[in-house]
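Since every read-out is calculated from the coordinates, none of them should be taken as a lab result. Everything quoted here is computed from the prediction, not taken from an experiment. Backbone-built Cβ (ideal geometry, glycine too); neighbour counts: all protein chains shown.
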Amino acid sequence: MKNVNTFGIQFVIRKHRIKDGEAPIYARITVNTNRCEISVKRRIHTDNWNNGKGMAKGKNPEISKLNSYLEQVRSQLTNYYQELVINKQALTADAIKNKFLGVENQNKR
């Protein structure tokens, strides 16, 4: 029987880190119930965030640009996941995070 991996990406905000009414946005990567988070280096006013959809709500150009950026991040993370699967490498949330951050070749201590 083949190993079946679960994989998901959610965008979440950290309400406890609000500064000037804006909260930082994080990408949460989940692989087989293990997860890690990466800051996407963007902030949003909490009133403009849709928790259910994990994206900004609204139609103005700034919101559209942010949602487009979040989809690019999701696409990159998904590509890294697929790359690990194809190359039969260790498949963990941290491995995907490290590829995204460009630290894939560092040795673990």
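So here's what we get for this one:
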item	result
Computed magnitude of the charge dipole of the chain (debye, nearest 20; Cβ of K, R +1, Cβ of D, E -1)	180
Segment 17-109: Lys pairs at Cα distance under 27 angstrom, eight or more positions apart or on different chains	25
Virtual spin-label span in nm between THR46 and LEU101, 7 Å along Cα→Cβ	2.7
Selection from VAL31, TYR69, ASN48, by position along the positive dipole direction of the chain (Cβ)	VAL31
Extension gain, ASN79 back to GLU22 (0.36 nm per residue minus Cα-Cα distance, nm)	17.6 nm
For segment 7-100: rounded, prolate or oblate by the Cα gyration tensor [a/c cutoff 1.5]	prolate
